Amino acid sequence: MNLLDELRTHRLLAIVRGPDPAAALAAVLTLAESGVALVEVSLTSADALGIIRRARAALGPGYALGAGTVLSAEDARAAAEAGAGFLVTPALAPSVTEAARLDLPVLAGALTPTEVVQASSAGAAAVKLFPASFGGPDYLGALRDPFPGTAFVPVGGVDADGARRYLDRGAVAVGVGSPLLGDSVRGGDPAALRERAAAFLAAVRQ
């Protein structure tokens, strides 16, 4: 898959992280049914690899399902074996170079200008600006001045209103966790998750 094309097209990456594997899997499937086209399952979730395997089986090979919080080379390999089509990291880590070896696209975490250069040099498909709340949309705008060709995906503290502001400042997409997932990863109402998904999709499509 071409991760950058997917990000540019859909503009929303949902981040699923939770303590209940069954609820997390249900949340992934609900997001997909609601039209959210990119989902990552954080490896900090309980039985994350099992969730990825079951979601891949349910959604098929063409769905953009990835693994997040991937730090080690071992985790990168395990995520790929479970069916992850892309990897997401919170920082520059051995997983970034391992993703290149595995020919898997990676959204690599960076915050400073130096880290942005390092992530791009390591072959990242896009740079995950994390935590985005550190500097907000103005910081993204400042980074884009020296890096106009870099694809940025802000993650961390992005709500529906903030999503639009980041996109207006040049982000190719935004990554959203708890403001979108809410209590769904702990067995919350799937109808409420569908409503939040609709709100975020409307925000990124404006």
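The values are calculated or read from the model by the stated rules, or taken from the named source; none is laboratory data. Everything numeric here is computed off the predicted structure, so don't read it as measured data. Every residue, glycine among them, receives a Cβ derived from its backbone with ideal geometry; neighbour counts consider all protein chains shown. Only protein heavy atoms, including side chains, enter the accessible area calculation; ligands, DNA and RNA are left aside. Shrake-Rupley method; radii C 1.70, N 1.55, O 1.52, S 1.80 Å.
Within the set of pairs 6+ apart or on separate chains, which have a first residue in the stretch 130-149 that is outside any helix (DSSP H, G or I), a second that is surrounded by 13 or more Cβ atoms within 10 Å (Cβ to Cβ), and C-beta atoms under 6 Å apart?
Pairs found: Phe130/Pro90; Phe130/Gly109; Phe130/Val155; Phe130/Gly156; Pro131/Gly156; Phe147/Val116.
Please count how many residues of the stretch 65-89 are under 19 Å from Leu12 (Cβ atoms) and surrounded by fewer than 24 Cβ atoms within 10 Å (Cβ to Cβ).
Adding up the residues that qualify gives 2.
Would you check if Leu143 is over 18 Å from the mean Cα position of the chain (by Cα), at pLDDT 95 or above, open to solvent by less than 10 Å² (accessible area, probe 1.4 Å) and hydrophobic (A, V, I, L, M, F, W, C)?
Criteria met by Leu143.
Scanning for something more than 24 Å from Leu143 (Cα to Cα), free of Cβ contacts under 8 Å to residues at least 40 places away in the same chain and either part of a helix (DSSP H, G or I) or over 17 Å from the mean Cα position of the chain (by Cα) (or both), does the stretch 112-119 turn up at least one residue?
No, every residue in the stretch 112-119 fails to be more than 24 Å from Leu143 (Cα to Cα), free of Cβ contacts under 8 Å to residues at least 40 places away in the same chain and either part of a helix (DSSP H, G or I) or over 17 Å from the mean Cα position of the chain (by Cα) (or both).
Please note which helices (runs of 4 or more DSSP H) are completely contained in the stretch 1-71 and include at least 2 residues that are of a type in the set (D, E, K, R).
Fully inside the stretch 1-71 and qualifying: 3-10, 48-59.
Search the stretch 146-198 for residues being out of contact with any Ser or Thr (no Cβ under 8 Å at 6 or more places or on another chain) and of a type in the set (Ser, Thr, Tyr), and hand back the single one that is nearest to Leu43 (Cα to Cα).
So the residue we want is Ser178.
Looking at (1) touching a helix residue (DSSP H, G or I) at 6+ places or on another chain (Cβ under 7 Å); (2) under 18 Å from Ala125 (Cα atoms), which is the only condition Ala78 fails?
(2)
On the basis of being under 19 Å from the mean Cα position of the chain (by Cα) and surrounded by fewer than 16 Cβ atoms within 10 Å (Cβ to Cβ), does Pro131 make the cut?
So Pro131 fits the description; yes.
Does Ala108 meet the test of being within 25 Å of Gly141 (Cβ to Cβ), in a loop (DSSP other than H, G, I, E, B) and either of a type in the set (D, E, K, R) or touching a Ser or Thr at 6+ places or on another chain (Cβ under 9 Å) (or both)?
Spelling it out, it is not the case that Ala108 is within 25 Å of Gly141 (Cβ to Cβ), in a loop (DSSP other than H, G, I, E, B) and either of a type in the set (D, E, K, R) or touching a Ser or Thr at 6+ places or on another chain (Cβ under 9 Å) (or both).
With the requirement that a residue be in contact with a Phe, Trp or Tyr (Cβ under 6 Å, 6 or more places away or on another chain) and modelled with pLDDT of 95 or more, what does the stretch 155-175 give you?
Answer for the stretch 155-175, where residues must be in contact with a Phe, Trp or Tyr (Cβ under 6 Å, 6 or more places away or on another chain) and modelled with pLDDT of 95 or more: Val155, Gly156, Ala171, Val174.
Out of the residues in the stretch 51-64 meeting the condition of being surrounded by 16 or more Cβ atoms within 10 Å (Cβ to Cβ) and among the small types (Gly, Ala, Ser), tell me which one is nearest to the chain's Cα centre (by Cα).
This residue is Ala64.
Quick one: count up the residues across the stretch 24-44 that are more than 20 Å from Val174 (Cβ to Cβ) and either of a type in the set (Asp, Glu) or open to solvent by less than 10 Å² (accessible area, probe 1.4 Å) (or both).
Residues that pass the stated criteria total 2.
Per-residue answers, yes or no, for (1) out of contact with any Leu (no Cβ under 9 Å at 6 or more places or on another chain); (2) in contact (Cβ under 8 Å) with a residue 12 or more places away in the chain; (3) closer than 26 Å to Arg196 by Cβ:
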{"position": "Ala37", "(1), (2), (3)": "no, yes, yes"}
{"position": "Leu71", "(1), (2), (3)": "no, yes, no"}
{"position": "Ala84", "(1), (2), (3)": "no, yes, yes"}
{"position": "Ala100", "(1), (2), (3)": "yes, yes, no"}
{"position": "Val106", "(1), (2), (3)": "no, yes, no"}
